[in-house]
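The block underneath contains the structure these notes are about, expressed in structure tokens.
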Amino acid sequence: DAGVTQSPTHLIKTRGQQVTLRCSPKSGHDTVSWYQQALGQGPQFIFQYYEEEERQRGNFPDRFSGHQFPNYSSELNVNALLLGDSALYLCASSLVAAGELFFGEGSRLTVL
Amino acid sequence: QQQVKQSPQSLIVQKGGIPIINCAYENTAFDYFPWYQQFPGKGPALLIAIRPDVSEKKEGRFTISFNKSAKQFSLHIMDSQPGDSATYFCAANWGGSARQLTFGSGTQLTVLP
């Protein structure tokens, strides 16, 4: 039973570029949440997707957007990258919105 | 209002010791308090969680103590082992029925052999 898988594992971008990160939830899970973890900090909630809609959103600008597909996989898009967007981006899935969260290993984004 | 303050930032104990990590919160709307363990290069993994109607919960060597009036909760690791060396995060849930976790800043635990 595959857990939460994320791609790519590492990527480097320059300021102003756009990035797309991908997540496949744990088998049987229908809800995907995204978190940003800066170096040495705890994860910060970005948003949650359920039934292909954004259900909850944290304190992140509109440059951060997402999508959930019919197969429950999800994408995180970040536009107009800033140096401060450098972080580990974690995807977490759950069965229904309030279920236990299972995290992937993350995508480490470096913005130069 | 949504902050969770975690201490200490780092902790070193001998094998068999009982490290204690503390967290405090302000938002009384929080209704779910999990602890996560994170190894380098890995995502956080749920260790144990508690709800505010319970003062203590044990799972194996891990215990959460919860003080609702003080708005504090702590993690105790009994008989700690070198394999427990990791970063530990407390968290609290807000957002009603959704799992919208607010994490503490983490505690880097080192258990010496």
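The values are calculated or read from the model by the stated rules, or taken from the named source; none is laboratory data. Just so it is clear, the model here is predicted, and its values are computed rather than measured. Because the Cβ atoms are built from the backbone with ideal geometry, glycine has one as well, and the counts that use them run over all protein chains shown. Heads up: the accessible areas ignore ligands, DNA and RNA and are worked out on the full protein's heavy atoms, side chains in. Shrake-Rupley method; radii C 1.70, N 1.55, O 1.52, S 1.80 Å.
Numerical summary
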{"quantity": "Surface per residue (accessible, 1.4 Å probe) for chain A, Å²", "calculated": "47 Å²"}
{"quantity": "Convex hull (Cα only) mean projected area of chain A, reported in nm² to one decimal", "calculated": "6.4 nm²"}
{"quantity": "Accessible-area composition of chain A, carbon plus sulfur, in percent [1.4 Å probe]", "calculated": "49 percent"}
{"quantity": "Sparse-neighbour loop sites [GluC sites (Glu not before Pro); the stretch A:1-93; at most 15 other C-beta within 10 Å; DSSP]", "calculated": "A:Glu51, A:Glu52"}
{"quantity": "Antiparallel DSSP beta bridges within the protein assembly as shown, as percent of all bridges there, nearest 5", "calculated": "90 percent"}
{"quantity": "Solvent-accessible heavy-atom area per residue, rounded to whole Å², over chain B at 1.4 Å", "calculated": "48 Å²"}
{"quantity": "Whole-Å semi-axes of the ellipsoid equivalent to the stretch B:4-112 (Cα gyration tensor, √5λ, descending)", "calculated": "23, 15, 12"}
{"quantity": "Separation between Cα centres of the stretch A:84-105 and the stretch B:3-43, rounded to whole Å", "calculated": "18 Å"}
{"quantity": "Phi-based couplings in Hz for the stretch A:65-82 (Karplus 6.51, -1.76, 1.60; Gly and Pro marked x)", "calculated": "9, x, 7, 10, 9, x, 8, 6, 5, 9, 10, 10, 10, 10, 9, 6, 4, 10"}
{"quantity": "Highest to lowest packing among A:14-22, B:44-52, scored as the average C-beta count within 10 Å", "calculated": "B:44-52, A:14-22"}
{"quantity": "Rg(Cα)/(2.2 N^0.38 Å) for the protein assembly as shown, N = residue count", "calculated": "1.01"}
{"quantity": "Check: chain A dipole with +1 on Lys, Arg Cβ and -1 on Asp, Glu Cβ, in debye", "calculated": "480 debye"}
{"quantity": "Solvent-accessible area lost in complex, 20 Å² minimum, residues of the stretch B:42-63 relative to chain alone, 1.4 Å", "calculated": "B:Lys42, B:Gly43, B:Pro44, B:Leu46"}
{"quantity": "Euclidean distance between Cα centres, the stretch A:1-51 to the stretch B:68-113, Å", "calculated": "21 Å"}
{"quantity": "Dipole in debye (nearest 20) - the stretch B:4-112, about Cα centre, beta carbon charges: Lys, Arg +1; Asp, Glu -1", "calculated": "60 debye"}
{"quantity": "Total accessible area lost when B and A pair, probe 1.4 Å, Å² to nearest 100", "calculated": "1500 Å²"}
